[in-house]
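Step one of this worksheet: look at the structure below.
The values are calculated or read from the model by the stated rules, or taken from the named source; none is laboratory data. Bear in mind that the values here come from a model prediction, so they are computed numbers and not experimental data. Cβ atoms come from the backbone with ideal geometry, glycine included; neighbour counts cover every protein chain shown.
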């Protein structure tokens, strides 16, 4: 009898309901955050992952399924999603659209590694990529999407860990410090990390070898080497998370496993009966698009393994099926803001709206009010709200119907706005 290959799984009918529940929740959550679905080919040119992921990573060095096709081309089954989505972003000139470009995917990936619970050679992953917005508010929104999805799925015992690994400029000084530190322990490092020492010493921090882990525990911390710009970015990210009420822990050990990351990196860790598992990981990658041949474009995203999510959910609850809603990324309401206080209020308001089922958007790129309203129109937002100091102080704002131009004054709360959008009575006239 021919059997399935090691490291692969069949998804049988009794399991499919749970998969559909997760996928439906992903589609609906991404709709509320304004993300559109993208699907890329199963295989790509090997060079894409060598350049995009980094030739010093375990993924490229040890885990890729690479072969030569009949035309003599080197082909690789996709081992991760970001480089492939970035390639599509460049190839299809998505940068010419109003930015940011907000994409998500649910796809299969392939890595040759030792199969274990939640880690297969063919695995499935949900991921998001946001191109064209480099503000800390963008980082906070992407993190809040992951947070909202995990909450909607019922994943409990979550801890958000965040870190900054800086930009190429400040990381250069950090690499020198790491090289000096690890050189003193070179004889104890594994063979792979001995090679990494001169090529990319940060990869040693991500090594799975217990000996290398013990050595890395005493290594210098990236946070001590951040330049002023990276430090300010990180502080503003923390402030944005606090505004939304999302708890976090700063974990200087997080570096992520791929070379394209810069500045913000993060992980969501779930804890069940004392067993910790990373259910989501991501970060900013401002140099990736340029690395694969596009124009300099900032970006941030994350990946979340479906198989690992299923293990988590099975250990906690029996998931219920949810209805499939039409995936339409046009927001129900766009919240424009004038000034820093208004931007902070908008961040909180949009987060609250999304969490009670309203598709809401705000500007992430520092546009003027006029440009924000043009952007809302291009997004085909049904309604818009403009926030300034007067609106925040009075607790009232004007909501405008973007289709017929009619306006009403409303009480400035997420639930009141949701009631109005979904058929409730408005406040005032």
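Need the failing condition index for residue 19 against (1) assigned to a helix (DSSP H, G or I); (2) over 30 Å from residue 376 (Cα atoms); (3) in contact with a helix residue (DSSP H, G or I) (Cβ under 6 Å, 6 or more places away or on another chain), just the number. Failing condition for residue 19: (3).
Over 17 Å from the mean Cα position of the chain (by Cα), farther than 29 Å from residue 190 by Cβ and not assigned by TED's automatic domain parsing to the domain that holds residue 154: does that describe residue 70? Considered against the rule, which asks whether it is over 17 Å from the mean Cα position of the chain (by Cα), farther than 29 Å from residue 190 by Cβ and not assigned by TED's automatic domain parsing to the domain that holds residue 154, residue 70 comes out as no. Among the numbered conditions (1) surrounded by fewer than 22 Cβ atoms within 10 Å (Cβ to Cβ); (2) closer than 30 Å to residue 18 by Cα, the only one that residue 135 does not meet is (2). Remark: pairs (first residue in the stretch 365-378, touching a residue at least 60 places away in the same chain (Cβ under 8 Å); second residue surrounded by fewer than 17 Cβ atoms within 10 Å (Cβ to Cβ) and part of a helix (DSSP H, G or I); Cβ separation under 9 Å; 6+ apart in sequence or on different chains) = 365/371. Taking the stretch 396-417 on its own, how many of its residues are out of contact with any strand residue (DSSP E or B) (no Cβ under 6 Å at 6 or more places or on another chain) and more than 22 Å from residue 357 (Cα to Cα)? Of the residues in that region, 3 qualify. In the condition set (1) surrounded by 14 or more Cβ atoms within 10 Å (Cβ to Cβ); (2) within 25 Å of residue 103 (Cα to Cα), residue 342 is compliant with all but (2). A single member of 349, 309 is assigned to a helix (DSSP H, G or I), surrounded by 19 or more Cβ atoms within 10 Å (Cβ to Cβ), modelled with pLDDT of 95 or more and under 23 Å from the mean Cα position of the chain (by Cα), and it is 349.
Here is a yes/no grid of residues against (1) outside any loop (DSSP other than H, G, I, E, B); (2) modelled with pLDDT under 95; (3) assigned by TED's automatic domain parsing to the domain that holds residue 354:
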position	(1), (2), (3)
384	yes, no, yes
399	yes, no, yes
404	no, yes, yes
408	yes, yes, yes
429	no, yes, no
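Looking at the stretch 290-298, is at least one residue closer than 25 Å to residue 148 by Cβ, buried (at least 19 other Cβ atoms within 10 Å of the Cβ) and in the same structural domain as residue 150 (by TED's automatic domain parsing)?
Quick first cut of the stretch 290-298, residues closer than 25 Å to residue 148 by Cβ only: 298.
Okay, now just the ones that are also buried (at least 19 other Cβ atoms within 10 Å of the Cβ), so 298.
Going one step further and asking which of them are in the same structural domain as residue 150 (by TED's automatic domain parsing), we end up with 298.
Yes, because at least one residue in the stretch 290-298 is closer than 25 Å to residue 148 by Cβ, buried (at least 19 other Cβ atoms within 10 Å of the Cβ) and in the same structural domain as residue 150 (by TED's automatic domain parsing).
Among the candidates 253, 188, which residue alone is in contact (Cβ under 8 Å) with a residue 24 or more places away in the chain and within 18 Å of residue 281 (Cβ to Cβ)? Break it down into steps so the answer makes sense when it comes.
Values: 188 fails: within 18 Å of residue 281 (Cβ to Cβ).
Exactly one residue qualifies, and that residue is 253.
Evaluate the following for residue 294: is it within 20 Å of residue 85 (Cβ to Cβ) and in a strand (DSSP E or B)? In short, no.
Among the numbered conditions (1) surrounded by 14 or more Cβ atoms within 10 Å (Cβ to Cβ); (2) within 23 Å of residue 288 (Cβ to Cβ), the only one that residue 92 does not meet is (1).
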